[in-house]
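The values are calculated or read from the model by the stated rules, or taken from the named source; none is laboratory data. It should be emphasised that the depicted structure is a prediction, and the values quoted were computed from it without experimental measurement. Methodologically, a virtual Cβ is constructed for each residue, glycine included, from the backbone with ideal geometry; neighbour enumeration extends over all protein chains shown. When the accessible area is computed, the model is the full protein with side chains, heavy atoms only, and any ligands, DNA or RNA have been set aside. Shrake-Rupley method; radii C 1.70, N 1.55, O 1.52, S 1.80 Å.
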Amino acid sequence: MEHYVVKGGNPLSGEIEIGGAKNAALPILAASIMSDKPVTIENVPDVSDIRALIGAIEEIGASVQHPDRHTYVINGENVRRDPVDSESVRKIRGSYYLIGSLLGKHKVAEVALPGGCNIGLRPIDQHIKGFRALGADVRMIPPGHVIAEADELIGSHIYMDVVSVGATINIIMAAVMAKGNTIIENAAKEPHVVDLVNFLNSMGARIRGAGTDVIRIRGVERLHGTEYSIIPDQIEAGTFMFAAAATKGDVTITGVIPKHLECLTAKLIEVGCEVMESDDSVRVVANKRLEHTNVKTLPYPGFPTDMQPQISILLGLSRGTSIVTESIFENRFKYIDELTKMGASARVEGNTAIIEGVSGYTGANIKAPDLRAGAALVTAALAANGYSDIYDIHYIERGYEDFPEKLRALGACIAKVNSAEEERRAVNEFNFRVVG
Ligand code: UD1
């Protein structure tokens, strides 16, 4: 079965370039079909969630060209009003962005309910509340489709009950071509919300306030073509920063926006790492055992829930007791069971994990429970003594491009293998590299 084999114990060192943000690329690709003109989008990461969304927009009539690995040229002129449903659409969370973009474009959208990582209940009541406020009729029909339709969409004043990235983005897309003005209060401020807004504005939308909690949208009649480059991935960058710290390494992460990484940098410094920032890179150096701390996940600019597993891996190796509180999703500690197989001392009580630092992990057979926890467990395996086999890597491939290759470039012993023979060869090569 396809899995990663890892020989741990090598400090990561060197330089690595970060790709485009998956969570910005998903809504931007969904929004690209709202124009009837060609839209060029660069710096799109080559990961399975993106390929699934591209498949979905092609199925409903978008013309998609793919001139190089990270660029798409999309023309939404012939996008139909057909229901959006296929196996790939149901797999990814980001497919729900097609509700907002199709409702905005055609005033009707029928989309299969989204899937995504199993990290707890993920309701879409705030999305629906926003669509309804704009005048849409929204209902569910078998087999699990959401239908939203309106004769016309009219700007409205919407107060979000929870800070939701997905709902903020979906409502922006529905409101962009509505009649009149829309105000979204208690909006999400994540960098990918800002990126989506910058993209829409480059197509002629009139949106102000992205990055604050009040977003104002003046409806326009149509959107034109554009060329746009996606922001660097905050979570991919963060994963490499924490991997550097967990392996007591020295890694420079390039092509980033350091401002987006501030809360991660602050935590790394707090536990004893050195972090040096330049205009578009951060260098993380850890050369001693780190200290404990407490962390609570919060909407941006707080500590991101998507980095919660990665910091727990690090705190599991730090001196003393740390408390990690998850306040966004209720089921995001499934990886703790896997981590204890590697020798961690941690227990979960409700929405907190209590972690007593140990001096080292040992390699084990583990399963990736979801995307971010999967990547975090790989970093635990890199820090561990001995070999680990990591299964269910399809989760990791949803959001990390060339993850093993990038880690190998930093000196890690990791390979993707699909048979006992491939595993034997990988292990031989690791031993040769270590001895050599
Ligand atoms: C997005 C990201 C995900 C990240 C999360 C929080 C994508 C594809 N996924 O997910 O990686 O972990 O933001 O930064 O970009 N909620 C409601 N009602 C709603 C919508 C959300 O109660 O209608 C709740 C959720 O259950 C959760 C919280 O709001 O407790 C935040 O969720 P949200 O920001 O919407 O996350 P996603 O957009 O699904």
Q.
If I take every Cα pair under 8 Å that is 6 or more residues apart in the chain, average their sequence separation and divide by the length, what percent do I get for the relative contact order?
A. 21
**Q.** DSSP-assigned coil residues among GluC sites (Glu not before Pro) in segment 306-397, each with at most 13 further Cβ atoms within 10 Å
**A.** E330
Q | Distance histogram in 10 Å bins (all Cα pairs of segment 22-229, percent per bin) | A | 9, 40, 40, 11, 0
Q) What list of ³J(HN,Hα) values in whole Hz, one per residue of segment 129-141 in order, does the Karplus curve 6.51 cos²θ - 1.76 cosθ + 1.60 (θ = phi - 60°) give from phi, with Gly and Pro shown as x? A) 4, x, 4, 5, 4, 7, x, 7, 8, 10, 8, 9, 10
**Q.** Cα gyration tensor shape for segment 252-292, rounded if a/c is under 1.5, else prolate or oblate
**A.** oblate
Q. Taking a point 7 angstrom from the Cα of E421 along the C-beta vector, which residues in segment 1-18 have backbone N less than 16 Å away?
A. 1-2
Q: Of the listed pairs K248/K367; K129/K179; K22/K105, which have alpha-carbon separations greater than 21 Å here?
A: K248/K367; K22/K105
Q) In segment 163-267, which GluC sites (Glu not before Pro) are in a loop and have at most 15 other Cβ atoms within 10 Å, using DSSP for the loop call? A) E221
Q) Using 7 Å Cα-to-Cβ label points, what is the D125/R408 separation (nm, one decimal)? A) 4.8
Q | Ratio of the Cα radius of gyration of segment 294-348 to 2.2 N^0.38 Å, where N counts its residues | A | 1.09
Q.
Just to confirm, what accessible area per residue do you get for segment 34-145 at 1.4 Å probe, in whole Å²?
A. 41
